[in-house]
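One structure below.
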Amino acid sequence: MSTALAPPRPPAPGGVRATYRRRLLVLAGLFAALMVAVVLSVSTGAKPVPLPEVWHAITAPTGTENDIIVRSLRIPRTAIGVLAGIALGVAGALMQGHTRNPLADPGLLGVTQGAAFAMVLSIMVIGVTSLYGYIWFGLAGALIASVGVFALGMVGGRGGPTPVTLALAGTAVSAFLYALTSSMVLMDEQAMDVFRFWQAGSIAARGGDVVWQVLPFIGAGLLLALINAPGLNTLSLGEDVARALGQNIAVTRAVGVAAVTLLSGASVAACGALSFVGLMVPHLARPLSGPDHRWLLPYSGLMGACALLLADVVGRVVARPGELEVGVVLALLGAPFFVALVRRRKPVRL
Amino acid sequence: MRLQAVDVRLGYGDRVVVDGLDLGIEAGTVTTIIGPNGCGKSTLLRALGRLLKPSGGEVLLDGKRIDRMPTKEVARILGVLPQAPTAPEGLTVADLVARGRHPHQTWYRQWSSDDEAAVGEALSMTGLGDLGERPLDELSGGQRQRAWISMALAQGTDLLLLDEPTTFLDLAHQIEVLELVRRLHGELGRTVVMVLHDLNLAARYADRLVAMRAGKVVAAGTPSEVLTESLLAEVFDLDAKVIEDPVAGTPLVVPIGTRPHA
């Protein structure tokens, strides 16, 4: 490759400052798109609610049917969709960054199967029946599985787990937990019933209490992700360069794993197996953000929330008066979209 | 002595590559480590740059044990450029060089005018001022290597360790990189340690040569002290004539053939 053969490319006018402004504009654009998705999510459904009445329900509710639908169903559902979407988008970008693997998703740490196992166990053994109840167990299962994977990944490694040992440990733990979960749901009809809906992935019928339940975990996870971004940038130059630049690799990895665990653990426990968001969204965000994680993480978060809400809206509209689970819609629409994207432009090497 | 290895034992897992080695690097010199493949020169450089922790002995930076200093503090004194580093696709030259400022940043204060100035200076030093917005993967090999050196320069360290900075480059680009090293030393008074394969270039661009074989330092001194016909036989199993370089006056190695090691 020589200079003369490189394709001519107009230099970006204004350099660093202009790039910064452009990235802020994109961020604002994504935020606006999310607002549109929120409005759609609050007003659309089995019973469409016109916008003035949505406003009425939010500002001065008088107990009309629409007021009740908006306040007790649509708003919590939208809120949990926004939270889970942001969490999964950010967790996916973190996971792909830490493993330098474009096919990594948050489930690689064992959180999905950990949550499933703990929820099914709580139903069978303790007889938990409320959604609110087994989300706690799901969350605990996700955290424990992830800590286990991290500990296993450290065995035999020098200076903390590497992406390869983490992926191996994650796959092994997930397979093991999946086997246990499967054998349990085959024995217990009630657990089976909960499990199959959880596995499809849904944000329907989550009350406001579920939002408050997962909010602190997702908030803490987002904070850790933010702190992790500069370190992840140096890590993407290779471990040797990162170490040469004064980065503590083990701490950076541990913070990243903690962030992924909190984010995906909370959303998986609340909404089921939706890890496709985490796999797909960073690939949509990266062409806009470039390889800088300080921008990639927020872009992925906002796009994750948009994708989740829009898929949920589609799921409510296509099968009236019934509904399609958001996880099903995401996979049905997302998979062909993802394939088209990957075929049109090759995915960025990490 | 700015940087010192004292009786170090280095290796990977159970495999020991270097054992009981002593080496001192003086301030303001360009030192080049030479030796056959697998002799432990890159391993030694990695240990000097605290990328590899010795299993015995110690590495001292300005008289202090390098592994007991905060790694970020070390990164403000000592820069290391590993062999053939890779960057994520789409990263621009300016973004790469800016990442060299990492040791001077905290998570709440990401970018300062000092950073801006250091990046600009590093880019112009390496002649990449006009290519800042170009993605790294669109550059030629020589330009890409200069961009990585630029990143290490932006780090603003007195000491610079370069592991085979001329690998995969054609002769003109090798000279280009080594001229840059000479300027760093001449104009900015930086202390440089590098690993090179080309003996003639090593002789021309270094103040001191360190010749290694099988994890041991066989000879150290000025190029004309080290690059002798008997040493080439001992270190490289090479029959060669050493004549005077007609351009630089440094030793010039003219190989005859290999020979079995005595």
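The values are calculated or read from the model by the stated rules, or taken from the named source; none is laboratory data. Note that the structure is a prediction, hence the values are computed from the model and not measured. Using ideal geometry, Cβ is built from the backbone for each residue, glycine included, and neighbour counts are taken over all protein chains shown. Side chains included, ligands, DNA and RNA excluded: accessible areas come from the protein's heavy atoms. Shrake-Rupley method; radii C 1.70, N 1.55, O 1.52, S 1.80 Å.
Take peptide B:87-98, look around each residue's Cβ out to 10 angstrom, count Cβ atoms belonging to other protein chains, and average those counts. Kindly include the intermediate steps, with their values, before the conclusion.
Values: counts 6, 13, 8, 8, 6, 7, 0, 4, 6, 3, 0, 3.
Per residue, the average neighbour count from other chains is 5.
Kindly report the accessible area of segment B:29-135 per residue (heavy atoms of protein chains, probe 1.4 Å, no ligands, DNA or RNA), in Å².
Working: 4190 Å² over 107 residues.
Each residue of segment B:29-135 exposes 39 Å² on average to a 1.4 Å probe.
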Could you give the angle, 0 to 90 degrees to the nearest 10, between helix B:141-154's Cα long axis and the longest principal axis of the Cα atoms of chain B?
70 degrees
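Where does the charge balance sit around B:Phe168 when Lys and Arg score +1, Asp and Glu -1, over other residues with C-beta under 14 Å from its C-beta?
Numbers: positive: B:Arg144, B:Arg146; negative: B:Asp163, B:Glu164, B:Asp170, B:Glu176, B:Asp198.
Here the charged neighbours net out to -3.
Kindly provide the chymotrypsin sites (Phe, Trp or Tyr not before Pro) of segment B:60-135 that DSSP labels as loop, not H, G, I, E or B, and whose Cβ sees at most 12 other Cβ atoms within 10 Å. Mind showing how you got there, number by number?
On the way: sites: B:Trp107, B:Tyr108, B:Trp111; in loops: B:Trp107, B:Tyr108, B:Trp111.
Here the sparse-neighbourhood loop sites are B:Trp107, B:Tyr108.
How much of the accessible area of segment A:20-342, in percent, comes from carbon and sulfur atoms when a 1.4 Å probe is used?
Numbers: 9530 of 12880 Å².
Ligands and nucleic acids excluded, carbon and sulfur give 74 percent.
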Site A:Ile227, offset 7 angstrom along Cα→Cβ, radius 12 Å on amide nitrogen, limited to segment B:96-115, gives B:107-108
nm² value of the averaged projected area, convex hull over the Cα atoms of chain B:
15.0 nm²
Could you estimate the translational diffusion coefficient of chain A from the Stokes-Einstein equation, with Rh from the Kirkwood formula over C-alpha pairs, at 10 °C and 1.306 mPa s, in whole µm²/s?
75 µm²/s
Rh (Kirkwood; distinct C-alpha pairs) - the protein assembly as shown, Å:
27.1 Å
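When Lys and Arg each count +1 and Asp and Glu each count -1, what net charge do the other residues less than 12 Å away from A:Ser289, Cβ to Cβ, add up to?
Working: positive: A:Arg22, A:Arg23, A:Arg286, A:Arg294; negative: A:Asp292, B:Asp95.
Counting the neighbours of A:Ser289, the net charge comes to +2.
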So, by mean Cβ neighbours within 10 angstrom, what's the order for A:241-249, A:259-267, B:160-168 with the highest one leading?
A:259-267, A:241-249, B:160-168
Charge sum, other residues only, whose C-beta stays under 9 Å from A:Ala57's C-beta, Lys/Arg counted +1 and Asp/Glu -1
0
Crossing angle, helix B:171-188 versus chain B [Cα axis fit, 0-90 degrees, rounded to tens]
70 degrees
Please determine, in degrees from 0 to 90 and to the nearest 10, the orientation of helix B:113-125 with respect to the longest principal axis defined by the Cα atoms of chain B, where the helix direction is its Cα long axis.
40 degrees
Global geometry of segment A:5-145, whether rounded, prolate or oblate, following the gyration tensor of its Cα atoms and the 1.5 cut on a/c
oblate
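At a probe radius of 1.4 Å, figure out the B/A buried accessible area, summed over both chains, and give it in Å² to the nearest 100. The partial results should precede the final answer.
Numbers: alone 12400 and 16930 Å², together 26230 Å².
The B and A chains share an interface burying roughly 3100 Å².
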Kyte-Doolittle cut-off -0.5, length cut-off 27 Å along the helix's own axis using Cα: show which whole DSSP H helices in chain A pass.
A:15-43, A:75-99, A:131-154, A:163-187, A:208-235, A:249-271, A:293-318
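For segment A:139-222, run through the trypsin sites (Lys or Arg not before Pro) and keep only the ones in DSSP coil with at most 16 other Cβ atoms within 10 Å of their Cβ.
Working: sites: A:Arg158, A:Arg196, A:Arg206; in loops: A:Arg158, A:Arg206.
Answer in residue order: A:Arg158.
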Would you rank B:Thr191, B:Thr250 by solvent-accessible area, highest first, keeping every protein chain in place and using a 1.4 Å probe?
B:Thr250, B:Thr191
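Residues of B:73-85, mean number of Cβ from any other protein chain within 10 Å of their own Cβ, rounded to a whole number?
Values: counts 1, 3, 5, 1, 0, 2, 2, 5, 3, 7, 1, 1, 5.
Partner Cβ neighbours, averaged per residue: 3.
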Partner chain Cβ atoms within 10 Å, averaged over the residues of A:284-297 - can you pull that number for me?
2
Let me know the charge dipole size of the protein assembly as shown about its Cα centre in debye, to the nearest 20, where only the beta-carbon of Lys, Arg (+1) and Asp, Glu (-1) is charged.
1060 debye
